[in-house]
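Here the structure is laid out as structure tokens; the discussion comes afterwards.
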Amino acid sequence: MKRCELKNHDRWVPLYFGTCAIAKSIGKLTNLVDLALYNTSLSGLIPPTIGNLTKLNRLLAIHTDLEGPIPASLGKLENLFNLDLSVNHLNGSIPKEILELPSLAWILDLSYNSLSGRLPPEVGILVNLNRLALSGNQLSGQIPNSIGNCEVLKFLMLYKNSFEGGIPQSLTNLKGLNILNLTMNKLSGRIPDSIGQIPSTLQNLTLLSELDVAFNNLQGKVPDQGIFRNLTHTSDAGNENLCGGIPQIHLAPCPNFVVSKDIRWRPNSLKIALPTIGTILVLVSAIILILLHHRKLRRKQNSQPTSPVIEQEYQRVSYYALLRGSNDFSDANLLGKGRYGSVYRCNLESGTIMAVKVFNLQQSGSSRSFEAECEALRRVCHRCLIKIITCSSIDSQGQEFKALIFEFMPNGSLDGWIHPKSSNPTPSNTLSLSQRISIAVDILGAMDYLHNHCQPSIIHCDLKPSNILIAEDKSAKVGDFGISKILPECTTKTLQNSKSSIGIRGSIGYIAPEYGEGSTVTRAGNTYSLGILLLEMFTGRSPTDDIFRDSMDLHRFVAASFLDRALEIADPIIWLHEETNDSDVINASIKTRIIPQCLVSVLRLGISCSKQQPRERMLLAEALSEMHAIRDDYLRSQTVDHAEHSTLS
């Protein structure tokens, strides 16, 4: 068999040539960062020596003729964040070692091979993973409950296997899940007689847009609330016992019956404990899109891919397209200016709208900022972080041109929503208390991901309202990583308490006090900025307001009065939204009882995060948990209050 001998490249090796096997000597290329073996006729085994490539970020071996087991030595690749071995002839079980790589943050795709056995419970270690694709294999056993730990998953593709048993309840933890496909498995279980309806929590998965669970013999009632109100298509193929839902999905009405302990369901019907089905009966959204998705996967299996995955992740956008789409980077398309460059709206010929951050190379430090932001954003993938499309570094004449291309956020930055420029603020251009709470949860979730789940951790260093972007649905995405800091993996308390000569990172008003004394960048310093941001969001006061002079600052201002005067120091714009309630009785109750409780809690949290001494600040994981509790209590209190008023009336 022909061997493919490779020279010692420094960073990236693509293979496009004919039939050969991967030589064992590939393990000598210890400086490799990206290894792309896609669209080739490579055959034979994956040599265990590939585990020596410890600097590897991406390993892509897509649509080749590789066979045999996946070597456990891949578990040594501690910097790997993208592993795609799809459409091969690999067999054996999934090594638990590759599931123990917390660095895997983008893709783990082992689809369309001949893998068998169970999905190891270690899959729950992949807490940063964005896409998990195991379809088209021979995997069996139950889907492990630990999969609910992968809380940033957007795509979960498990179709065309032999998974059995119930669907883990923990799937309800995947709040950012967009696509879940469980078709063509052997799912089973029983509906306990103590359960009468599908848990309402399933209706809160607002980001789920596609779900396919056909050919599983499911049965039970489809919800008609939450996201289920907007469903227009459904597929009940192989699930003839589904019923209910909104009229538009044309399912049969559910019969009225009482479940008895003596009832036994048909052997091949799905006997699922309803609280255990997680997202399974979220069934239905956009079956047409799913069918198209299936056809695309079948084309992928039967033909050569037309472009490598690495280009799908970082789409190529030419300088000419950027220039034309922004009308030569005209002021009419200017979205904002920063220290190192300007951001423009760019309309591509395809109709796609993007945001382009063009760096001013005459400004000292702009190149470092470009590199820092590009490096930070290529490592992360979270629904509350701005999505980078590509980094561009040359213009059409081959001259240096540095720009970042992002997804476009139609609602601008948080700064414009909490400090509206209009002299006549209205509910349409400001934020309600509920929206502010939801945005705070998003920001804290993104920061917790960067601090505690990235490998290595990333410190944003410039957290402020103008760097928080608001999506169309009023969710928040953290952006502008131009002065971010990637912490060394060996960071210790000694390092965190050491002094630094790199200069202060951040913006006036949000910089942690210890940075002014020369302390190095830390998680605690980032937490301080977050605390100030929270106080600003709910009081409407900027930390650089003229009223803050001498020893008085935003932290001290809130800390001195939030317990007794929460309503007075709160942003008065909040009341614009509360006054839109139809009932004066409900409005008065919410204003005098529910809102003060919520404000006190969230202001206390902001104070705890922005204390003078780093060691006294709340840990970010605890702050996120506290913010979730505040949101849940507020929503619950509103629901109870409205229900009580309805009963009395």
Unit charges on C-beta of K, R, D, E only; dipole of segment 314-407, Debye: 320 debye
Two-decimal log10 I(q)/I(0) for segment 352-444, as the Debye equation yields it once each C-alpha is a single scatterer, q = 0.11, 0.16 Å⁻¹: -0.47, -0.85
Order by protection proxy (mean Cβ within 10 Å, highest first), peptides 418-425, 130-137, 429-436, 358-365: 130-137, 429-436, 358-365, 418-425
Pair-distance profile P(r), taking every C-alpha pair of segment 18-152, with 5 angstrom steps and integer %: 2, 11, 20, 26, 22, 12, 5, 2, 0
Fewest-first ranking of Asp448, Asp84, using other Cβ atoms within 10 Å as the exposure measure: Asp448, Asp84
Stokes-Einstein D for segment 314-407, Kirkwood Rh over Cα pairs, 10 °C, 1.306 mPa s (µm²/s): 118 µm²/s
Residues Lys611, Lys96 arranged by fewest to most Cβ contacts within 10 Å: Lys96, Lys611
Ser318-Gln363 pseudo-label distance in nm [points 7 Å out on the Cα-to-Cβ vector]: 2.9 nm
FRET efficiency estimate (nearest 0.05) - Cβ-Cβ, Ser561 to Ser140, R0 51 angstrom: 0.25
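Where a number appears in this text, it was derived from the coordinates with a stated rule and is not lab data. From a predicted model like this one, the values you see are computed outputs, not experimental measurements. Here the Cβ is made from the backbone with ideal geometry for all residues, glycine too, and neighbour counts use every protein chain on show.
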